[in-house]
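Student: Supplied in structure tokens, the structure appears directly below.
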Amino acid sequence: MTIQHTCTICWLAVVEAEVYAALGNQDACEKSLTTAKTLLKKKVLGEDRYATGLSASRIAGYEGACYVRLYQPRRALLALQQALSQLDAQALRQQSTLLTDMGIAYAQQGNI
């Protein structure tokens, strides 16, 4: 099966990155994140046919979550702060997820 919608390919790449992070495979995780960020930079996401809600903020949020799982809190915090800065102020659910991940990253640094 060929996936023709760029937005779907991008969403699958960030989900795949999160799976690789959970498995501890940093190289594969970063490769998937790079794929997603490259598609985003080309601004060819197109129609969000499956209502993924994918945006620059969400991709950065996935990146931060991946680095939290890989126990790289400094990298996680950079991505999560970027995600938070790009987030719509009314997206409270996503904001709470980002803040939770940031809390975990700070705890990994010993800043409780």
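Student: Inside the range 1-42, can you point out the residues that are of a type in the set (Val, Ile, Thr), surrounded by fewer than 18 Cβ atoms within 10 Å (Cβ to Cβ) and within 11 Å of residue 66 (Cβ to Cβ)?
Tutor: 15, 19
Student: To continue, here is another question. Can we say residue 46 is among the small types (Gly, Ala, Ser), at pLDDT 95 or above and farther than 16 Å from residue 108 by Cα?
Tutor: Taking the combined requirement at face value, the residue does not satisfy it.
Student: Considering only residues that are in a helix (DSSP H, G or I) and touching a residue at least 12 places away in the same chain (Cβ under 8 Å), look in the range 86-103 and name the one that is surrounded by the fewest Cβ atoms within 10 Å (Cβ to Cβ).
Tutor: From the range 86-103, those in a helix (DSSP H, G or I) are 86, 92-103; that's our starting set.
Okay, now just the ones that are also touching a residue at least 12 places away in the same chain (Cβ under 8 Å), so 86, 94, 97-99, 101-102.
Details: 86: 14, 94: 18, 97: 17, 98: 24, 99: 12, 101: 24, 102: 20.
Filtering the range 86-103 for residues that are in a helix (DSSP H, G or I) and touching a residue at least 12 places away in the same chain (Cβ under 8 Å), the one surrounded by the fewest Cβ atoms within 10 Å (Cβ to Cβ) comes out as 99.
Student: Going through 100, 52 one at a time, which residue ends up being modelled with pLDDT under 85 and among the β-branched types (Val, Ile, Thr)?
Tutor: It is 52.
The values are calculated or read from the model by the stated rules, or taken from the named source; none is laboratory data. This one's a predicted model, so the numbers in the text were calculated from it and none came from an experiment. When we count neighbours, we look across all protein chains shown, and the Cβ atoms used for this are built from the backbone with ideal geometry, even at glycine.
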